[in-house]
Structures are given as C-alpha cells and as structure tokens.
Amino acid sequence: MRAPLPLDYEGFYLGHQEFFHAFAEIHLGSRRAAEDVVHQVFLEILAGWEQLLQEDGLEQQTLTVLHRHVTRRLEYEGRTPAFVINGPIAQNLCAVRKELEIRYGLRPAAVGSAPGCFPQLLPAPARMVPLI
C-alpha cells in the first residue's frame with residue numbers, strides 16, 4: 001500500500017497544477033508535452049517537499065523547478081518556445097511575408113543574407129522602406 005501524499009502537498013498541487021500546465025503548454029506547444037513535463041515537475045517537488053517547506057520562497061523555488069524542466073525539454077528538442085513560433089507576432093510576420101511573395105512576386109534574399117530581406121525592395125522610395 002502506498003503512503004498517502006502530505007495534505008499540504010495535495011493543496012499545493014491542486015492550487016498550482018492548472019497554472020503549471022498552462023505555462024508548460026504555452027512554451028511547449030502541446031497539452032501532451034505539457035502534461036509529461038508537469039508530471040515530472042510535481043514528482044521532483046514531492047521528492048523535496050519537506051525541505052522546500054523549511055526554506056523560504058516555496059513559490060519561487062517551485063517555479064524554478066517548472067522553468068528548468070520546460071527549458072530542458074526545449075533544449076532537448078532543439079527549439080524555441082512555442083509562443084515565439086506560434087505567437088501572434090510571428091503569425092502576422094509570416095502573413096505579411098506571404099502577401100509580399102504572392103502579391104508582388106517578391107522572394108527573400110539568398111541564404112546567408114539578412115533574414116526577411118527582400119532585395120527587390122531596395123529601389124523602393126526611402127520613405128517606404130521603414131514601413132516594410
């Protein structure tokens with residue numbers, strides 16, 4: 001028979017699991033990946049629960065554990081956080097780029113040049129370049 005979880009840990013889990021999952025999902029990009037990571041996070045927190053309670057900054061320490069696990073997962077997968085890849089700014093930039101390519105037949109510069117640079121725009125009037 002397995003020993004019951006400490007009551008204060010259960011309270012911590014219930015009060016924090018939703019935020020932990022949301023944080024991990026925003027960074028990792030999927031609920032499944034977030035669940036995997038958050039499960040490991042809570043296991044690590046449980047393993048050191050008594051010591052965490054004796055030290056100051058329980059919230060900060062547990063968020064550090066969460067951040068470390070999410071960061072390690074991203075490093076393991078060799079990618080940036082999903083909110084950077086899938087976020088509104090990235091989506092809008094991709095939409096603008098596609099519009100330039102479709103509407104004006106523009107193509108990005110060759111590999112090795114400035115990212116997103118469209119050499120065809122260089123002859124554009126100087127006042128238009130900052131807008132693009």
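The values are calculated or read from the model by the stated rules, or taken from the named source; none is laboratory data. This structure is a prediction, so every number in the text was calculated from the model and none was measured. Neighbour counts are summed over all protein chains in view; Cβ atoms, including those assigned to glycine, are modelled from backbone coordinates with ideal geometry. Surface accessibility is based on the protein's heavy atoms, side chains included, excluding ligands, DNA and RNA. Shrake-Rupley method; radii C 1.70, N 1.55, O 1.52, S 1.80 Å.
Summing charges over all other residues whose Cβ lies under 13 Å from the Cβ of Thr71, with Lys and Arg as +1 and Asp and Glu as -1, gives +2.
Do any trypsin sites (Lys or Arg not before Pro) in the range 2-101 lie in a DSSP loop with no more than 15 other beta carbon atoms within 10 Å, and if so, which?
Details: sites: Arg2, Arg31, Arg32, Arg68, Arg72, Arg73, Arg79, Arg97, Lys98; in loops: Arg2, Arg79.
Answer in residue order: Arg2, Arg79.
In the complete set of protein chains, residue-level accessible area for Val38 is approximately 0 Å², probe 1.4 angstrom.
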